[in-house]
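Take a look at the structure below.
The values are calculated or read from the model by the stated rules, or taken from the named source; none is laboratory data. Computed from a prediction, not measured in an experiment: that's the story for all the values here. Glycine also receives a Cβ, built like all others from the backbone with ideal geometry; neighbour counts cover every protein chain displayed. For accessibility, only protein heavy atoms count, side chains too; no ligands or nucleic acids. Shrake-Rupley method; radii C 1.70, N 1.55, O 1.52, S 1.80 Å.
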Amino acid sequence: MQVARVALRPRPRLRALLGPGLLALLCLLPVLLYLPFLNAPFERDESVYAIIARGLLNGQIPYRDLFDNKPPLVFGWYALAFAVFGEDDVAPRLVAALLLSLTTLTLFAEARLLFSRRVAYLAAAAFALSTGLPFVALHSNTEAYMLLPMVASLLAFTLGVRSGRLGWFLAAGVLGALALMTKQVAVWNLGALALTAGIWGLRSRNPVIGRAAPLVFLAAGTAGAMALIASPFFAAGALGDMAYANVSYNGLYIAALTFGDRALNLAAGGAFVFAIAAPLLAAAGVSLFKLLLRRKRALDYLLVTWAAGSIAGIAMAGRFYPHYFLQALPAAAVLAALLAAEYLPGRGGKRAPRSVLLAVTAFSVLALVTNSALYLAPRRSEQRVAPDTFYHTQWAENSEFLGAYIAAHTTPDDTVFNLGRESQIYFYADRRPAARYFYDYVYSYDPETVGLTIDALRAEKPVYIIDSIQPPLFQPSDRPPEFDRLLSEDYNYEGHVYFADLYRLKVK
């Protein structure tokens with residue numbers, strides 16, 4: 001018996017070492033999943049952020065000099081990545097992967113506060129694996145930078161509820177503002193915290209905390225951080241430009257879709273994301289329903305409200321692109337882990353009914369088949385299922401070569417202009433855009449920007465105008481007629497290079 005006791009003694013120590021090791025491995029997983037994709041050419045959104053970040057490093061002011069409708073911190077993340085790792089397409093993706101690793105750790109801490117250690121590990125694993133979902137992650141879009149402050153805000157708020165310390169609510173507001181100033185959709189998660197703070201404060205009987213204090217401190221942290229971030233734009237006289245881009249223009253962008261458009265977009269985007277993440281999303285849905293029925297803790301309702309905020313954030317714009325769904329993955333991971341912990345072998349594990357096993361098997365097969373096709377044969381899968389995405393990928397790859405062509409036929413002081421949405425050309429050519437509205441998406445929602453852009457081009461006289469409004473993604477009729485007049489008056493047609501028509505400024 002003594003020998004048996006000696007053999008059993010190291011087990012607690014071994015478990016103590018295995019726990020942090022497993023957590024470290026889970027946190028490293030997003031970086032490992034991103035590694036094969038770090039060198040992929042920028043896609044459209046990434047290139048816009050890269051151009052504005054490069055302009056920021058060279059003294060230009062976002063919104064005033066270079067337009068986009070995203071909050072300023074995403075440009076700051078890109079600029080930081082370029083400053084630390086160099087100006088290439090690897091840098092922002094590496095930073096995004098590192099931030100997702102920290103998000104995994106933060107989500108583990110949040111799940112551990114709410115539930116058992118087993119649930120926390122399962123939640124961290126589910127989220128870390130989900131960062132490898134094709135088209136949802138594996139790029140440096142805004143959501144990848146937004147999730148860390150968004151989840152950290154929830155963690156700080158949870159600590160405030162558990163401890164009663166108002167400083168945590170202040171921190172939650174600051175972190176929520178950082179998420180909001182990375183992408184506007186985080187306002188719904190922040191709103192979920194505000195709703196919970198208001199209700200919890202009203203029910204509180206602690207005279208030290210006070211009923212309104214949690215909400216007041218949350219709001220103070222949010223307002224203070226947002227004011228600090230906006231202050232450089234105020235000092236530069238660009239606060240109105242910032243407000244137009246983030247509020248007025250986005251209002252036009254959202255209002256452009258009918259209810260029918262939104263329903264069709266939801267059906268398409270939701271079906272794709274469910275196909276690649278069926279086990280996670282199905283388990284999260286069941287767990288959410290059970291949580292509402294069975295539990296009465298305030299923190300459980302916090303998780304439910306925060307998950308609802310994530311869903312509202314996805315639905316905000318009505319487009320439902322796959323990467324939008326990244327916002328819901330932290331909440332889905334915790335909810336799915338809560339359900340999985342009930343049926344895993346071990347202490348307190350239930351025996352799963354046959355119906356549950358069949359559903360898990362079916363959903364797992366669906367996700368495995370879909371992800372295998374997208375990983376092993378991405379070109380063929382895209383061409384059959386999403387031909388537009390196939391051509392976007394091709395054009396993104398060719399943008400590097402087209403950029404090299406433009407660089408070889410211009411000087412570093414020359415400006416160019418891309419008529420279309422392939423902003424990658426500016427980045428790979430290392431040439432400044434000749435106009436504030438340097439891609440044509442904005443023309444569809446605010447027609448006044450067409451005239452402003454034409455005026456800017458006549459004044460700046462870029463050496464090249466690159467027309468990427470080309471079949472099969474576009475038709476020549478999609479080009480505003482004002483550009484035809486400009487091209488005929490001031491430019492010579494040079495030829496079709498890769499996917500674009502090139503026009504060079506006439507020598508006078």
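At R0 = 35 Å, how high is the FRET efficiency between Ala386 and Arg211 if r is their beta carbon distance? Nearest 0.05 is fine.
Working: r = 51 Å, r/R0 = 1.47.
So, using R0 = 35 Å, E works out to roughly 0.10.
Dipole orientation for the chain: of the candidates Leu113, Val95, Gln470, Leu113 has the Cα lying most toward the positive pole (charges on Cβ; Lys, Arg +1; Asp, Glu -1).
In order along segment 492-503, the Karplus-derived 3J(HN,Hα) couplings, from 6.51 cos²θ - 1.76 cosθ + 1.60 at θ = phi - 60°, round to 9, 6, 9, x, 9, 10, 6, 10, 9, 8, 9, 10 Hz, and Gly and Pro are given as x.
Note on Arg162 and Ser355: their simple-model spin labels are 3.5 nm apart, each label 7 Å out from Cα toward Cβ.
Taking a ≥ b ≥ c as the square roots of the eigenvalues of the alpha carbon gyration tensor, segment 337-423 is prolate, as a/c is not under 1.5 and a/b beats b/c. Only Cα pairs under 8 Å and 6+ residues apart enter the sum, and on that basis the relative contact order of the chain stands at 15 percent.
Where only protein heavy atoms count, and the probe is 1.4 Å, what is the accessible area per residue for segment 265-313 in Å²? Present the calculation step by step, with values, prior to reporting the outcome.
Values: 2160 Å² over 49 residues.
I get 44 Å² per residue for segment 265-313.
Rolling a 1.4 Å probe over the heavy atoms of the protein chains gives segment 38-179 an accessible area of 29 Å² per residue. A full extension of the chain between Leu22 and Ala315 corresponds to an added length of 102.0 nm, given 0.36 nm per residue minus the alpha carbon distance.
Estimated purely from DSSP H runs of n ≥ 4, each contributing -39500 (n - 2.57), the mean residue ellipticity at 222 nm for the chain is -22000 deg cm²/dmol once divided by its residues. If the label point is 7 Å along Cα→Cβ of Gln394, which residues in segment 403-441 have backbone nitrogen under 20 Å from it? Zone members listed by number: 403-405, 419-425. Surface composition of segment 24-109: carbon plus sulfur atoms contribute 69% of the solvent-accessible area (1.4 Å probe, protein chains only, all chains present).
Looking at segment 443-486, the accessible area is 47 square angstrom per residue; that uses a 1.4 Å probe and ignores ligands, DNA and RNA. Remark on Val497: its backbone amide H falls under 5 Å from those of Leu502, a criterion applied only to residues 5 or more positions apart or on other chains, H modelled at 1.01 Å from N. Using C-alpha pairs below 8 Å separated by at least 6 residues, the relative contact order for segment 248-387 is 33 percent.
Taking label positions 7 Å along the Cα-Cβ direction at both Ala377 and Asp261, the computed distance is 3.5 nm, reported to one decimal.
The count of lysine pairs in the chain that are at least 8 places apart or cross chains, and whose C-alpha atoms lie under 21 Å apart, stands at 4. Database remark: amide H of Arg432 closer than 5 angstrom to the amide H of Val416 (H placed geometrically; neighbours at sequence offset of 5 or more, or on other chains; Pro and chain starts carry no H).
Asp300 to Leu505: extension gain in nm, 0.36 nm per residue of separation minus the Cα-Cα distance? Don't skip to the end; give the middle numbers.
Working: separation 205, 0.36 × 205 = 73.80 nm, distance 6.32 nm.
Computed gain between Asp300 and Leu505 is 67.5 nm.
Across segment 43-107, Cα pairs under 8 Å and at least six residues apart give a relative contact order of 25 percent. Counting protein heavy atoms only, segment 364-443 has 56 percent of its accessible area on carbon and sulfur, 1.4 angstrom probe. With the simple model of a label 7 Å out from the Cα in the direction of the Cβ, Asn58 to Arg458 spans 2.5 nm. Shown here: Cα extents along the principal axes in Å, derived from the displayed model; of the candidates (1) 70, 60, 52; (2) 70, 50, 47; (3) 97, 54, 47, it corresponds to (3). Carbon and sulfur together cover what percent of the accessible area of segment 112-238 at a 1.4 Å probe radius? Looking at segment 112-238 in its full context, I get 72 percent from C and S.
Available extension along the chain between Asp446 and Ser364 is 25.1 nm, counting 0.36 nm per residue and deducting the alpha carbon span. Sorting the Cα pairs of segment 106-222 by distance into bins of 5 Å, from 0 upward, gives 2, 12, 19, 20, 18, 14, 8, 3, 1, 0, 0 percent per bin.
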